[in-house]
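**Student:** Structure incoming, see below.
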Amino acid sequence: MTSMLPRENDVLFGRGTIINNHFGNQRYRMLVDAKKKAFAAEPIRKKKRAMAIAIIAEVQNLGGRFLEENTTATSRPKEAQSCGKAASALHSKILEKEWTPVEYDKILTKVRVLLL
């Protein structure tokens, strides 16, 4: 898999304060929270799935990607680490890790769980 550096609008899969405070994750949670009531009230499963797909599309339309940490990767090259030093402390910790795209089915499952 290709390794990539996270951008502002990306949604990062993972746990912890650093992930939760990432701008893309904050925006993603706002999108999910805005649709929770409608999702809970909708009895038809196909329409619930469509709501989850709409959230994914909205993130992607804003230029966001869904990324997860590549736990099999070695440490980042020095050039990538040095560009992180100019960023905030939280952002530099994100940049120190290797990130890879998440499979669509995994994204869809994650969105649907958050909507419950």
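The values are calculated or read from the model by the stated rules, or taken from the named source; none is laboratory data. Owing to the predicted nature of the structure, the values given are computational and were not obtained by experimental measurement. Here the Cβ is made from the backbone with ideal geometry for all residues, glycine too, and neighbour counts use every protein chain on show.
**Student:** Residue 64 passes all but one of (1) among the small types (Gly, Ala, Ser); (2) modelled with pLDDT of 95 or more; (3) in a helix (DSSP H, G or I); which number fails?
**Tutor:** (3) is the only condition that residue 64 fails.
**Student:** While we're looking at this one, here's another question. Which condition breaks for residue 58 when tested against (1) at pLDDT 95 or above; (2) surrounded by fewer than 12 Cβ atoms within 10 Å (Cβ to Cβ); (3) among the acidic types (Asp, Glu)?
**Tutor:** With (1) at pLDDT 95 or above; (2) surrounded by fewer than 12 Cβ atoms within 10 Å (Cβ to Cβ); (3) among the acidic types (Asp, Glu) applied to residue 58, the lone miss is (2).
**Student:** Of all residues in region 1-12, how many are surrounded by fewer than 17 Cβ atoms within 10 Å (Cβ to Cβ) and hydrophobic (A, V, I, L, M, F, W, C)?
**Tutor:** 3
**Student:** Considering each residue of region 28-51, count those that are within 19 Å of residue 104 (Cα to Cα) and of a type outside the set (Val, Ile, Thr), and give that number.
**Tutor:** Residues flagged as within 19 Å of residue 104 (Cα to Cα) and of a type outside the set (Val, Ile, Thr) within region 28-51 amount to 10.
**Student:** With respect to residue 76, is the statement that it is of a type outside the set (Ser, Thr, Tyr) and modelled with pLDDT of 75 or more true?
**Tutor:** So residue 76 fails the test.
**Student:** Here is a further query. Looking at region 28-47, which of the residues that are surrounded by fewer than 17 Cβ atoms within 10 Å (Cβ to Cβ) and either of a type in the set (Lys, Arg) or within 11 Å of the chain's Cα centre (by Cα) (or both) is nearest to residue 93 (Cα to Cα)?
**Tutor:** Among those residues, the one meeting the criterion is 29.
**Student:** Next question, about the same structure. Tell me the residue from 94, 19 that is part of a helix (DSSP H, G or I), surrounded by 13 or more Cβ atoms within 10 Å (Cβ to Cβ), modelled with pLDDT under 95 and touching a Pro at 6+ places or on another chain (Cβ under 8 Å), please.
**Tutor:** It is 94.
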